[in-house]
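Notes follow once the structure below has been shown.
The values are calculated or read from the model by the stated rules, or taken from the named source; none is laboratory data. The shown structure was predicted, so the numbers you read here are calculated from the model rather than taken from an experiment. Here Cβ is always computed from backbone atoms with ideal geometry, including for glycine, and neighbour counts include all displayed protein chains. Calculation scope for accessible area: heavy atoms of the full protein, side chains included, ligands and nucleic acids excluded. Shrake-Rupley method; radii C 1.70, N 1.55, O 1.52, S 1.80 Å.
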Amino acid sequence: MDTRDWLAACFLPGLGPQRLAKLRERAPAWPEGWLALLPPQPAAALRLWLEHPERSPLAPAVEASLAWERAAPGRAILHRDHPDFPALLGEIADPPAVLWAQGDLAALRRAGIAVVGSRRPTAEAVANARTFARELARRGFCVTSGMALGIDAEAQRAALDAGGASIAVLATGIDVIYPARHRALYQRLCHAPGGLLLAEHPPGTRAHPAFFPRRNRIVTGLALGTLVVEAAEKSGSLVSARLALEQGRELFALPASLNNVQARGSLQLLRTGASLARDTADIVAELSHWDGHYAACRPDTEGRPLPEQAPPAPLAEPADPLLAALGATPVPIDVLVAQVGLTVGECQQRLLMLELDGLAAHRPGGWARC
């Protein structure tokens with residue numbers, strides 16, 4: 001199957017990544033074997049696209065993606081038959097059928113370590129994320145994450161600063177910058193050597209709450225192991241930790257103070273079997289049985305002191321009127337609607353985004369600022 005075929009399969013109605021992966025495992029001939037195995041609705045959609053593409057609802061989406069790929073250098077559409085599709089990602093239960101990519105595809109050829117953590121980290125966690133990401137990058141690993149606020153972005157910037165590689169998996173279309181304050185990081189990942197952006201949604205796809213946990217399976221699926229820098233008891237990072245274990249990958253967590261409420265999820269991971277990571281040597285030692293995957297990643301700075309780093313800057317708050325309307329006391333949604341001037345639906349959607357960013361939470365009586 002070529003790129004056009006995979007795009008058509010990706011856009012078929014009623015098929016998700018898991019069903020497409022199971023279908024591919026049966027290695028049916030294209031297109032006759034696919035038509036025979038597909039359920040009636042997607043089979044009919046595929047037949048129409050093959051026989052009368054000008055009348056098919058699939059054609060505009062396929063052509064738009066191909067036009068996006070041609071529009072600028074450094075763009076690619078990766079699929080399961082593409083030579084640059086990461087083999088490790090293909091081993092998970094529900095690999096994406098198609099990935100829109102922009103940046104340096106050579107990053108995919110490095111052994112990956114996912115670095116994840118709180119969106120509102122402590123200063124100590126920020127410093128730890130930067131240190132581990134720099135050292136991992138210098139050892140030849142690629143730091144994978146989700147370009148989210150907090151630990152994700154800190155680790156990815158540090159890896160690029162060290163001259164290493166970093167892959168950001170977006171929960172949006174490849175051309176949508178979320179969160180918006182990460183425009184500079186997005187541009188670095190697009191254009192810097194070793195930087196790469198990946199998305200499983202077509203260009204133009206806006207952020208949606210359901211896309212974020214789905215994105216995490218790709219972040220961990222690209223990596224030999226996942227390092228949780230700091231995570232609270234209810235944290236999206238714990239979803240990544242669970243996914244890493246389900247995918248048969250290594251899981252690491254940093255030790256933390258018993259008094260740090262932001263790290264109680266990390267301590268729970270250590271209690272239930274995550275490997276303790278005191279430094280990158282601990283990580284490399286645990287990865288020794290992945291020899292075929294990480295043989296090229298050897299320390300090139302063993303014993304060399306890391307340069308002094310400036311103290312981490314405080315994370316800026318977004319200029320968001322809805323966030324500004326929240327405080328420690330829960331506010332009912334109807335009051336927020338009246339104050340901010342949004343519809344109920346718009347307000348609910350934005351509150352979910354703030355919750356995913358760790359900035360707001362639903363409490364008894366309404367919504368409050370975290």
Query - Residue identified as at pLDDT below 85 and assigned to a helix (DSSP H, G or I) among Gln18, Gln41 - result: Gln18
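The rows are residues; the columns are (1) over 22 Å from Glu200 (Cα atoms); (2) among the aliphatic types (A, V, I, L, M).
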position	(1), (2)
Asp5	no, no
Ala9	no, yes
Leu12	no, yes
Gly16	no, no
Leu20	no, yes
Arg24	no, no
Pro28	yes, no
Trp34	no, no
Pro39	yes, no
Query raised in the report: What number of residues within the stretch 153-181 are free of Cβ contacts under 8 Å to residues at least 40 places away in the same chain, touching a helix residue (DSSP H, G or I) at 6+ places or on another chain (Cβ under 6 Å) and either polar (S, T, N, Q) or over 18 Å from Phe132 (Cβ atoms) (or both)?
Result: 1
**Report entry** Ser56 vs. criteria free of Cβ contacts under 8 Å to residues at least 12 places away in the same chain and either under 26 Å from the mean Cα position of the chain (by Cα) or surrounded by 14 or more Cβ atoms within 10 Å (Cβ to Cβ) (or both)
**Finding:** yes
Query raised in the report: For Pro17, all conditions in the list (1) in contact (Cβ under 8 Å) with a residue 40 or more places away in the chain; (2) open to solvent by less than 30 Å² (accessible area, probe 1.4 Å) hold save one; what is the number of the exception?
Result: (2)
Query raised in the report: Based on what the data block shows, is Ala241 closer than 18 Å to Ala129 by Cβ, of a type in the set (A, V, I, L, M), part of a helix (DSSP H, G or I) and open to solvent by less than 10 Å² (accessible area, probe 1.4 Å)?
Result: yes
Requested in this report: Go through the stretch 91-130 and give me each residue that's in a loop (DSSP other than H, G, I, E, B), charged (D, E, K, R) and either under 30 Å from Glu69 (Cα atoms) or under 16 Å from the mean Cα position of the chain (by Cα) (or both).
Outcome: Asp94, Asp104, Arg110, Arg119
Query raised in the report: Between residues in the stretch 131-144 that are open to solvent by 10 Å² or more (accessible area, probe 1.4 Å) and in a loop (DSSP other than H, G, I, E, B) and residues that are among the basic types (Lys, Arg) and at pLDDT 95 or above, which pairs lie under 6 Å by C-beta distance while being six or more apart or on different chains?
Result: none
